[in-house]
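The values are calculated or read from the model by the stated rules, or taken from the named source; none is laboratory data. Values in this document were obtained by computation on a predicted structure and should not be read as measured data. Heads up, the Cβs are rebuilt from the backbone with ideal geometry, glycines too, and the neighbour counts pull from every protein chain shown.
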Amino acid sequence: MKGSFYEKAISRADKLTNEQLRNIANTLVQDNMLLEAALQSMFDGIVVCNLDNVAIFVNRSAERILKISPTVNDTDPFWMAIADEELKDFFCWALTSEETILGKEFALEGSSGTRIISISLSALLSGDRSDKISGTIIHIEDITEKRKKESQLRRAESLAALTTLAAGVAHEINNPLGSISIHIQLIEKLLAARDPPDVAGIQKHLDIVTEEIERLKQIVVDFLFAVRPVDVTLMKDNPGTIVREVVELVKYEAEKNSVTVNLDIADDIPDLLLDKRQIKQAILNLAQNAIAAMPNGGTLTFGVRVVNEEVQISVSDTGVGIPESQLSKIFEPYFTTKKNGTGLGLTITFKIIKEHSGDITVESKEGKGSTFTIHLPIPQQEKKSLPTLEETAPLAGSHKEQ
């Protein structure tokens with residue numbers, strides 16, 4: 001609004017009286033002082049650099065956070081005013097490489113302890129509606145307290161999750177322990193009732209005891225996996241290849257349960273940084289759940305495709321489906337719809353995918369089946385926000401030869 005007013009005033013400057021010009025100048029000074037006061041009052045640091053990377057404005061918060069030296073020559077690049085060597089190197093690289101930087105974090109040691117700051121750089125566009133780049137804006141935010149609160153929240157969430165897991169483990173362990181106790185009592189009765197003992201009857205009960213012990217072991221293994229950090233070793237691999245390997249693993253089980261397996265893998269699937277063993281386990285968990293959801297047979301479909309800068313791996317079945325009321329709970333520990341399930345399979349799958357910076361979603365309809373989709377981001381190179389000299393040439397009024 002004020003910009004257009006000043007533009008009109010300048011265009012008519014030769015027709016204005018000295019008094020009118022003085023009034024406009026005073027208004028301009030007052031507006032400038034108000035703008036500078038607003039920037040100086042911000043808790044976040046703001047630095048504005050010109051195209052030569054010289055700082056033309058630095059607010060007090062930026063001076064305090066970055067500990068900027070006031071003795072630096074006004075014509076020196078901004079990074080020369082930074083005392084911290086790591087920050088100096090970063091600003092030198094960021095400003096000269098002309099890249100947009102969003103939320104780059106640094107830990108700074110000071111008398112009050114370690115402070116964590118987040119730095120973002122973006123292009124400064126001129127105010128003459130030409131969208132011509134005239135410099136760089138640097139935004140510095142002290143996120144120490146924010147990180148502390150996030151850490152406290154994570155600890156609280158971890159404690160709540162651990163409490164839920166512990167309660168689930170106690171419940172899950174109680175069932176096989178009760179079964180073992182009953183069958184040991186039955187073995188004792190057989191031993192006391194007959195001489196010689198009923199070997200066949202004893203063996204039958206011992207087999208059940210062995211099965212329950214194995215079940216206990218699996219409960220403990222799943223619990224430890226759920227509470228421990230996932231040890232992820234990232235290496236370049238192709239999601240399509242991993243899915244094909246999972247299909248080979250479940251093919252026999254699917255055939256045994258009258259389940260037809262379909263595979264739909266696109267041709268343009270890129271390699272990603274993955275822990276092959278963990279991702280295979282996650283997909284295998286989904287496939288086994290899908291087969292279990294089709295007791296009377298059906299179709300199991302694996303899909304791999306690229307959608308909106310991410311690789312999507314889908315596992316679909318034509319089974320019993322999941323009630324809408326349960327969809328929000330299926331990734332919670334010890335929530336299961338299966339009679340013999342531990343309730344940790346989907347929790348483990350969810351954890352593995354999150355460790356890969358991905359996500360997992362589910363769509364389901366009772367009586368028609370379910371589709372679980374794993375979303376894995378495709379790494380993108382940072383894009384330049386400041387053009388090269390050749391790219392800025394048209395903005396300066398030059399033209400390309402046809």
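When the range 68-100 is examined, which residues are found to be among the charged types (D, E, K, R) and either within 14 Å of S122 (Cα to Cα) or out of contact with any strand residue (DSSP E or B) (no Cβ under 8 Å at 6 or more places or on another chain) (or both)?
If the condition is that a residue be among the charged types (D, E, K, R) and either within 14 Å of S122 (Cα to Cα) or out of contact with any strand residue (DSSP E or B) (no Cβ under 8 Å at 6 or more places or on another chain) (or both), then D74, D76, E85, D89, E98, E99 are the ones that fit.
All but one of (1) at pLDDT 90 or above; (2) buried (at least 21 other Cβ atoms within 10 Å of the Cβ); (3) polar (S, T, N, Q) hold for T301, so report the exception by its number.
(2)
Does L286 satisfy being over 30 Å from I180 (Cβ atoms) and in contact (Cβ under 8 Å) with a residue 12 or more places away in the chain?
yes
Considering only strands (runs of 3 or more DSSP E) fully contained in the range 55-150, which possess at least 2 residues that are modelled with pLDDT of 90 or more and of a type in the set (G, A, S)?
Result: 113-125.
Can you report the number of residues in the range 249-290 which are closer than 15 Å to G303 by Cα and in a loop (DSSP other than H, G, I, E, B)?
Looking only at that region, the number is 5.
For V209, indicate whether it is on the phi < 0 side of the Ramachandran plot, assigned to a helix (DSSP H, G or I), modelled with pLDDT of 85 or more and within 46 Å of the chain's Cα centre (by Cα).
yes
Got a sec? Which of D267, D198, D222 is surrounded by 13 or more Cβ atoms within 10 Å (Cβ to Cβ), farther than 28 Å from V320 by Cα and acidic (D, E)?
D198
List every residue pair whose Cβ atoms sit under 6 Å apart, with the two residues 6 or more apart in sequence or on different chains, where the first one lies in the range 86-115 and is among the basic types (K, R) and the second, anywhere, is not in a strand (DSSP E or B).
K88/W79; R115/T144
Going by what's in this entry, would Q326 be described as without any contact (Cβ under 8 Å) to a residue 24 or more places away in the chain and closer than 22 Å to K351 by Cα?
So Q326 passes the test.
Just name the residue that is modelled with the lowest pLDDT out of those in the range 10-49 that are in contact with a Ser or Thr (Cβ under 7 Å, 6 or more places away or on another chain) and surrounded by 12 or more Cβ atoms within 10 Å (Cβ to Cβ). Show your work before the answer.
First pass over the range 10-49, keeping only residues in contact with a Ser or Thr (Cβ under 7 Å, 6 or more places away or on another chain): 42-45, 49.
Next, from what is left, pick out any that are surrounded by 12 or more Cβ atoms within 10 Å (Cβ to Cβ): 42, 44-45, 49.
Numbers: M42: 84, D44: 90, G45: 91, C49: 90.
Going through the qualifying residues, I end up with M42.
Please work out which one of (1) at pLDDT 85 or above; (2) loosely packed, with under 15 Cβ neighbours inside 10 Å; (3) in contact with a Leu (Cβ under 9 Å, 6 or more places away or on another chain); (4) part of a loop (DSSP other than H, G, I, E, B) is the condition M294 fails and give its number.
(2)
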